[in-house]
Structure formats: C-alpha cells, structure tokens
Amino acid sequence: MAEVTIPLYSSSGWAVSPVVNFTPNWKKIIIGDSITMTCDVGSSGGEDLTYAWYKDGNWMYMEKIFTITPAIALNSGNYSCEAGIERSGTARLDVVAGEKRIGTSENTSNPTQPNEERQLTTHPEDVDADVQEVLGEVVAKVSTTDLVILQVPLDVHEGDDLTLRCLHRYDYTGRYTEFYKEDSVIQNWSETSEFHVGIVNMMNIGRYKCTKEITPKTWNTYVPYTDEAFISIHNLFEIPKIKVTPYPVVEGDNMTLICNTSLSPLRQRTELQFAFYRDGRNVQEFSSSNQYGVQSAQLEDSGNYSCDVRASNGKVKKSSHFIHIMIKELFFTPVLNVSTMEVLEGDNMTMECDTSLNPLIQRTELQFAFYRDGRNVQEFSLSDQYGVQSAQLEDSGNYFCKVTSASNISKKSKDVFVQIRDLFEIPEIKVTPYPVVEGDEMTLTCDTSLSPLRPRTQLKFAFQKDGRNVREFTSYNQYGVQSTQVKDSGKYSCEVTTATNSVKKRSPEILVKIKDLFEIPEIKMTPYPLVEGDEMTLTCDTSLSPLRPRTQLKFAFQKDGRNVREFTLYNQYGVQSTQVKDSGNYSCEVTTTTNSVRKRSPEILVKINGESFTGPTKRMSNIL
C-alpha cells in the first residue's frame, strides 16, 4: 500500500518531525514476510540529516530506510526513528505465525538489513540449530488466538483503498472465511481469505473481525477460529477554513481569498487541490493554488464564499463553511434622466447620467457611457450627458448608462424606455386606374398623414420603380405616366421626407402590372404552299383586351424588314399573282390610332416555287 505525503516544514526548511512509514502498510505481518520502514521527513528528502532507528526505545540502526527480511516473531515491537534532532512517534509491528512459511519471503536480500540474513528452508527440521531454537520458543508461546490472524493496515486514512486479509498458522490447513464489522456479516463464508472494503471514509471506522475454519494438517476436522482488530480512519487533511484580505473590502480593492487546511503528518506528500465558490457557483476550478483573487472588486462580487479541498486523486474532498463578503460602494448607482418623455421624430433629445461619489473619496475621476437596448451609443468619457439630434424611430428603446472609475469600478443605471413618436405615418402608394392597360394614363399617389403635434411641417415626395428613382423629391405627392407600356410594369414605392431631410420614410412596394391592350399579332398566310401565279393572302391576327373592347387598331405589313403596306384599318395584305421574287420573311405590325401601343408579329418565311414550263401536268405535280 503506497504512501503519499506533503512536508510540514519548520523555519529551518525541514519537516517539523519525522514519521515512520511501513511498506507494506500492515500492523501484523507473517513470520517470513519482509517489511521496509522509512523515516520520512517530507518531500525535501533530508539527505543531509543523520538517522537512527529505535525498537522499544533501544537504539538499533543508523540509516533512513530499515528493512526486515525475513521477519521473525522477535521483530515484533514499537519502532521509532530520529532525523537530526527530531524523534518520530512509535509505530507498532507484530510478527506472528501464519500461512507463509519461513524461507518463502520474496525479498531475502537487502543492503539495509542490519542483521545477518539467513536462508531458511521449508520445514523446521531443515533449519540450522540456532533458528530451530528460536522457532521452538515462538511456537511454544503461540496461543489459540494466534491460529487465525486478521491482517489490517497500520495507518488508514480517508481515501485509502482498504483490503483485509484473514490468515492462519502455517502448520494448519484453512478453507472457508467470513468477515464481520461490528458483529454484522460483511462477507459470507467464502474460499477467499481477503475482503476488499474499497475506498474508505469515516463511516468505515469500527471493529472488524474474521472467522476462518482451520484444522491441523494431520487432522480432518475443521474448527472456526476468530481474530479481530479495530480500524481507525485518520483525517487525510482537516476541514478547510476560508478567510479574506483585506477586510472590509471596498469597490476597487484587490480581494484575496485563502483556503487553509493541514495534512496528516503521515501523508505529508499528498498533493492537494483547491476550488472556490460564490453563492454555490464555481469561480475557480480545482488547482494547486489555495488562493483566489479578484482584482478591482465590484459590488456583484459580494456573496457567500466557500472553498473545496480534494486530494489530487479525487478520492477525498472536503468543503469549508461559507463566509459572507459585502463589497462597500465607492459611488452610488447612477440614475438616467431624459430631457422629455414626449419626443417626436426630428426632435433633439438629451439624457443625463446622475450619480455621486462616496463622501470619503471625492477625488476619484468618473467616466460615463450610454447604451440603447444593450448596445453602446456613446463610449466612456468625462461627459455625463448624451444627446441625439433629430431623433428617429429607431432611436426608441431601453436606455441605460454606465459609470466607471479609474480603478475599474463599474455601475449601470436602471433602464429607461424612450418612445420616439411618428412625425408622419409611413406612406402608402396608390395607383389609378386599376387595373392599368397599355396606353392608359397612370397616376401614382404617395399618401401619408402628419402628427397633430406638428401639423404645419412641410413634406417632400419622391417615387421609385424597381428601386431606382423615377422622380426626385418635390412638394407634389403624385407621379403620372401618360401612356403606359408593358415596360412600365414593376415594383413602385414612394419616399417622404421633411424639408430639412431630418425624417425620411419609404412606403412598402406595390406591384403594378400593365396589362396588354391587345395580344402580340400573329401573321398567317393562305393558301399554302404557293407556286408562281397563285394568289397569296396574309392576315395579321390579334385580339383586344376585354377591358378595352372598342379600341380601334391599324395594321401594317413588312417583307424582309421593309414596309410592303403602310398602316390601315384592314388586317389583310394580298398578292394576286405571286412571283418567285415575292418570296421572303413577312411580318405585320399593329398599333392604336393614336400610336400609343405598337406590337410586331414574329416573321414567317414565304417561299414561292417557280415553274420551268406551263401546263396542267406541271401544276398537278406541284399539287401532288
């Protein structure tokens, strides 16, 4: 069972006093086992010190480490060590007869063993005369209570992984074992001679015993025998105490919290970790530092502070009681004052951040900052005022101010809601007539209304189509298109502003779709196909919108892009006797009598087939 300790130093730099550590950490060991005793003075090592070992108060050896291998009954006793001029407390070791026979030790040679080592064989009759004599004396003194041995550690601390061993004399045979704590069974009869308690705490303190069925090797009758031991659990470290410096704490002070505890002298090398909490919430994670600092303490740093200490392996953790820390104010919480609560768009608005210093600290320089809806609108400066020229609706919001000192003490006011009211309503754009047909005269009106608090405010109006201006700002709230075309379709909006441009608002867009007065014409030809001499008729076909059924249209025809007939009211064009030269790409065009709307048809290809001779046979073949 490994030992970990942390030193307790005197002013000279060495441990206050040495301690005796056993490895393995057993109160009782079996004859033939090995045990190493260390005179521990902490992590500094103490290489320059002189050491001495004592058994039952008698000097016996001078080294830091002392090993017994193999152990015999005469090694039982009270051991202590001396490092420099400091003497340790005593540690009791009992060596008893048990399952392990003399000569089976795993460590039979050690340079620190003060006695001459002896290699002992399995059976007493094979041992030399001197050792046989010693064994005879030991066996003669063994009572029935030595037939079964409950082996427990010499020192048990919180967080140790505890295992109990129930052994028996080497000249007996054992089979079933049962373990108890305070007369309650904790492990029923089992073939195993060990019981693993696990990681222990103060709840594991108590009287333990084991009962084992054994019989002399020459017998077949098993009889239960019992041994018991009281196990004390030592504190690995004390419950921590937390303290604060300076006290009391004023805003801006550098505050330090210290978490104090002390380790068991038998675990002087244990590494501890510390964590700190305010009002139950962690403010510093576990680390090797037992201090937590707050630079320039603020009022919000007030609270109930506590600390936790744990061993680095995490098996033991203890918490301090909390201490209440109240940070005293350097200056009072500011109040935000607004010049007027009735602010219209375009008005000038002023705010003041009002506070006062603690009378005891009048020379502290303060700086002020202002915020709207949590976002900074004026950086820290010496001015305690914030102004908005020509306030807009977006200047509405929850305002607060912050005050800070040179020592980084910061305080904020409560929120003040400021509502900027409309100077005029968001405009609405309207179109007449509706719907709009090609050639109509279209009028767009930008409609809004002024606040009754500012009824004489002069407004200007502009109009946009698809995001681009179609008319700049004027005092007239209408925009007209005399003869609309399909290309005039689009998303229209208008914008309203004051004469000083202090307030500007845009209407939502409306989609204006100019409807066709008539369809794009289609040119048709009859008859088809044609040969020279045929009569050809071209018809320009379209249809009027049902919204304008009485509109008068005119028609023109083109061949290869040149007019073959000017605009007339007649939608047909004819050639009585076609020639090859009449072949070409024909189209037609339709317009209103006022030429307000004009549309052209797609072209069609007309091909006149020539005849190399006349006669019905040729004509018939062309028809076929």
Quiz item: Out of (1) modelled with pLDDT under 90; (2) more than 19 Å from Gly84 (Cβ to Cβ), what's the single condition that is false for Asp48?
Solution: (2)
Self-check item: Contacts under 6 angstrom Cβ, first residue in the stretch 372-389 being within 19 Å of Val416 (Cβ to Cβ), partner among the hydroxyl-bearing types (Ser, Thr, Tyr), 6 or more apart
Solution: Arg372/Tyr399; Gln378/Tyr386; Gly387/Thr350
Quiz prompt | Of all residues making up the stretch 287-307, the number that are open to solvent by less than 20 Å² (accessible area, probe 1.4 Å) and part of a strand (DSSP E or B) | solution = 4
Quiz item: Name the residues in the stretch 30-44 that are over 30 Å from Cys166 (Cβ atoms) and open to solvent by 10 Å² or more (accessible area, probe 1.4 Å), would you?
Solution: Ser43, Ser44
Quiz item: Which strands (runs of 3 or more DSSP E) does the stretch 313-410 wholly contain that include 1 or more residues that are more than 30 Å from Asp161 (Cβ to Cβ)?
Solution: 323-325, 335-338, 349-354, 366-372, 375-381, 385-388, 397-405
Quiz item: Considering only residues of the stretch 552-561 that are assigned to a loop (DSSP other than H, G, I, E, B) and within 18 Å of Lys581 (Cβ to Cβ), which is most open to solvent (accessible area, probe 1.4 Å)?
Solution: Asp560
Quiz item: Among the residues of the stretch 270-286, is there at least one that is touching a Ser or Thr at 6+ places or on another chain (Cβ under 7 Å), surrounded by 13 or more Cβ atoms within 10 Å (Cβ to Cβ) and farther than 30 Å from Gly42 by Cα?
Solution: yes
Exercise. May I ask you to say which residue of Tyr434, Tyr476 is among the aromatic types (Phe, Trp, Tyr), over 19 Å from Ala391 (Cβ atoms), touching a residue at least 12 places away in the same chain (Cβ under 8 Å) and surrounded by fewer than 17 Cβ atoms within 10 Å (Cβ to Cβ)?
Key: Tyr476
Quiz item: Which residues, counting only those in the stretch 485-502, are of a type in the set (A, V, I, L, M), surrounded by fewer than 18 Cβ atoms within 10 Å (Cβ to Cβ) and not in a helix (DSSP H, G or I)?
Solution: Ala499
Quiz item: Among the residues of the stretch 45-66 satisfying the criterion of being free of Cβ contacts under 8 Å to residues at least 24 places away in the same chain and closer than 25 Å to Leu263 by Cα, which is surrounded by the most Cβ atoms within 10 Å (Cβ to Cβ)?
Solution: Gly45
Practice problem: Working only within the stretch 519-552, note down all residues that are among the basic types (Lys, Arg) and in contact (Cβ under 8 Å) with a residue 12 or more places away in the chain. | Solution: Lys524, Arg548
Practice problem: Select from the stretch 385-397 the residues that are out of contact with any Ser or Thr (no Cβ under 7 Å at 6 or more places or on another chain), at pLDDT below 95 and either surrounded by 12 or more Cβ atoms within 10 Å (Cβ to Cβ) or of a type in the set (S, T, N, Q) (or both) and list them in ascending order. | Solution: Val388, Gln389, Ala391, Gln392, Leu393, Asp395, Ser396, Gly397
Exercise. Pull up the stretch 173-210, narrow it to residues that are more than 20 Å from Ile149 (Cβ to Cβ), without any contact (Cβ under 8 Å) to a residue 24 or more places away in the chain and in a strand (DSSP E or B), then point me to the one that is least open to solvent (accessible area, probe 1.4 Å).
Key: Ser184
Exercise. Only residues that are of a type in the set (A, V, I, L, M, F, W, C), out of contact with any Cys (no Cβ under 7 Å at 6 or more places or on another chain) and part of a strand (DSSP E or B): list them for the stretch 216-250, please.
Key: Val223, Ala229, Phe230, Ile231, Ile233, Phe237, Val244, Val250
Quiz item: Can you pull out the residues in the stretch 398-412 that are open to solvent by less than 20 Å² (accessible area, probe 1.4 Å), within 18 Å of Glu365 (Cα to Cα) and of a type outside the set (A, V, I, L, M)?
Solution: Cys401, Ser405, Lys411
Quiz item: Taking the condition farther than 30 Å from Asp301 by Cβ and touching a residue at least 40 places away in the same chain (Cβ under 8 Å), does Thr261 pass?
Solution: no
Practice problem: Have a look at Val343, Val316 and point out the one that is farther than 29 Å from Ser410 by Cα, of a type in the set (A, V, I, L, M, F, W, C) and either at pLDDT below 90 or in contact with a Cys (Cβ under 9 Å, 6 or more places away or on another chain) (or both). | Solution: Val343
Quiz item: How many of the residues making up the stretch 572-586 are part of a loop (DSSP other than H, G, I, E, B) and open to solvent by 50 Å² or more (accessible area, probe 1.4 Å)?
Solution: 3
Practice problem: Report whether or not Glu589 is in a strand (DSSP E or B), touching a strand residue (DSSP E or B) at 6+ places or on another chain (Cβ under 7 Å) and open to solvent by 40 Å² or more (accessible area, probe 1.4 Å). | Solution: no
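The values are calculated or read from the model by the stated rules, or taken from the named source; none is laboratory data. Being a predicted model, the structure only gives us computed values, none of them experimental. Neighbour counts run over all protein chains shown; Cβ positions are idealised from the backbone, glycine included. Side chains included, ligands, DNA and RNA excluded: accessible areas come from the protein's heavy atoms. Shrake-Rupley method; radii C 1.70, N 1.55, O 1.52, S 1.80 Å.
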